[in-house]
Amino acid sequence: TYSVSYDQKVPVGRSDYFGIGGSFYGDVAGASRFGTQQGKLALSYSKKMAGYRKKAHYLVIGAEAALTNRGIRQDRLQWGSQHDGNGGFDPTIPTLEELGRYNFLYGDISAGIMWFSVLDKFTSFYVGGAFYHLNQPNQSFYEGQFEPLSTRFVFHGGGQFKVGNRTTIIPNAVAFFQG
C-alpha cells in the first residue's frame, strides 16, 4: 500500500482562499492480487462571510474528482467448480465464471460544504458535511452487471474551547452513512 498527497491554500484578495490538492493511492491485497490505484484532484473556495483578522466566519465549499483503476489476477482465482471433490483444487477444470471485467476504470465525484468561525486565539468551531460517490460508479467485475458504489454522507463538527489559563479542549464528532 502506498499513498502520496499534496495540498495548499492560495490567497484570493485580502481574506479569501482557494484550496488545491491532489493525491495518489495504490493497494494490492490477497491471493487474487486485488488492486486499486486512485488519483484525486480536490478544489475548494473559502469565503470570509464576516469579521476581521482575529475574529471571523468563513463558508467553505469544495469538490473532488477521482479516477480509479480496479483489477484482479484471473489466474490467481479459485472457484468452487474447480475443486475435485477429494479436497483438492484443479486449476485445469473450467471455472464456469464469466467476469468479463478483470481490470476497469471509473470516475468518482464528491462535494462538501463547511462553516467555521474563529472567535479568538483559543476559541473556534466548525460544522460541515460532504457527499461522496455522487455519480455512484459501477463496482462490478461482472460484464453487464451494475453494482453501484453507494453515496456516502459524512457530517462533522467540532472546535477548540479554552477552559482554563493553560487548558483547551478540542471536541470533535463525525458520522458516516452509506448504502
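The values are calculated or read from the model by the stated rules, or taken from the named source; none is laboratory data. Just so you know, these numbers come straight off a predicted model, no measurement behind them. Glycine also receives a Cβ, built like all others from the backbone with ideal geometry; neighbour counts cover every protein chain displayed. Areas reflect the complete protein model, heavy atoms only, side chains present, ligands, DNA and RNA absent. Shrake-Rupley method; radii C 1.70, N 1.55, O 1.52, S 1.80 Å.
If only residues of segment 26-62 that are farther than 21 Å from ARG101 by Cα and of a type in the set (Ser, Thr, Tyr) are counted, the one that is least open to solvent (accessible area, probe 1.4 Å) is SER46.
Regarding SER110, is this residue farther than 21 Å from LEU41 by Cα, touching a residue at least 40 places away in the same chain (Cβ under 8 Å) and outside any loop (DSSP other than H, G, I, E, B)? It would help to see each step written out before you state the result.
Numbers: farther than 21 Å from LEU41 by Cα: no; touching a residue at least 40 places away in the same chain (Cβ under 8 Å): yes; outside any loop (DSSP other than H, G, I, E, B): yes.
For SER110, the condition - farther than 21 Å from LEU41 by Cα, touching a residue at least 40 places away in the same chain (Cβ under 8 Å) and outside any loop (DSSP other than H, G, I, E, B) - is not met.
For segment 64-116, the set of residues classified as within 30 Å of PHE131 (Cα to Cα) and basic (Lys, Arg) consists of ARG70, ARG101, listed by residue number. All of LEU105, LEU96, LEU67, LEU77 fail the test of being touching a helix residue (DSSP H, G or I) at 6+ places or on another chain (Cβ under 7 Å) and among the aliphatic types (A, V, I, L, M), apart from LEU96. Of all residues in segment 121-152, exactly one satisfies the criterion of being among the β-branched types (Val, Ile, Thr), part of a strand (DSSP E or B) and open to solvent by less than 60 Å² (accessible area, probe 1.4 Å), namely THR123. Residues of segment 18-34 that are modelled with pLDDT of 95 or more and not β-branched (Val, Ile, Thr): PHE18, GLY19, GLY21, GLY22, SER23, PHE24, TYR25, GLY26, ASP27.
Residues that are open to solvent by less than 60 Å² (accessible area, probe 1.4 Å), charged (D, E, K, R) and farther than 30 Å from GLN82 by Cβ do occur in segment 99-120. The listed residues are TYR132, TYR106, and the only one of them that is over 20 Å from GLY62 (Cα atoms) and modelled with pLDDT of 95 or more turns out to be TYR106.
Condition (residue is under 19 Å from LEU149 (Cβ atoms) and surrounded by 13 or more Cβ atoms within 10 Å (Cβ to Cβ)) applied to segment 3-19: is it met by at least one residue? No, because not a single residue in segment 3-19 is under 19 Å from LEU149 (Cβ atoms) and surrounded by 13 or more Cβ atoms within 10 Å (Cβ to Cβ). Of the residues making up segment 50-62, those that are part of a strand (DSSP E or B), over 15 Å from the mean Cα position of the chain (by Cα) and in contact (Cβ under 8 Å) with a residue 40 or more places away in the chain are GLY51, LYS55, ALA56, HIS57, TYR58, LEU59, VAL60, ILE61. Of all residues in segment 82-95, those satisfying the criterion of being among the polar types (S, T, N, Q) and either open to solvent by 90 Å² or more (accessible area, probe 1.4 Å) or part of a loop (DSSP other than H, G, I, E, B) (or both) are ASN86, THR92, THR95.
Yes/no per residue for (1) within 30 Å of GLY159 (Cβ to Cβ); (2) in contact (Cβ under 8 Å) with a residue 60 or more places away in the chain:
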| site | (1), (2) |
| --- | --- |
| PHE34 | no, no |
| ALA42 | yes, no |
| ARG76 | no, no |
| TRP79 | no, no |
| GLY87 | no, no |
| GLU98 | no, no |
| LEU119 | yes, yes |
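Of all the numbered requirements in (1) at pLDDT below 95; (2) open to solvent by 90 Å² or more (accessible area, probe 1.4 Å); (3) farther than 30 Å from LYS55 by Cβ, TRP79 misses one, and that requirement is (2). Count of segment 5-48 residues, restricted to those that are in contact with a Lys or Arg (Cβ under 6 Å, 6 or more places away or on another chain) and over 22 Å from GLY107 (Cβ atoms), is 6.
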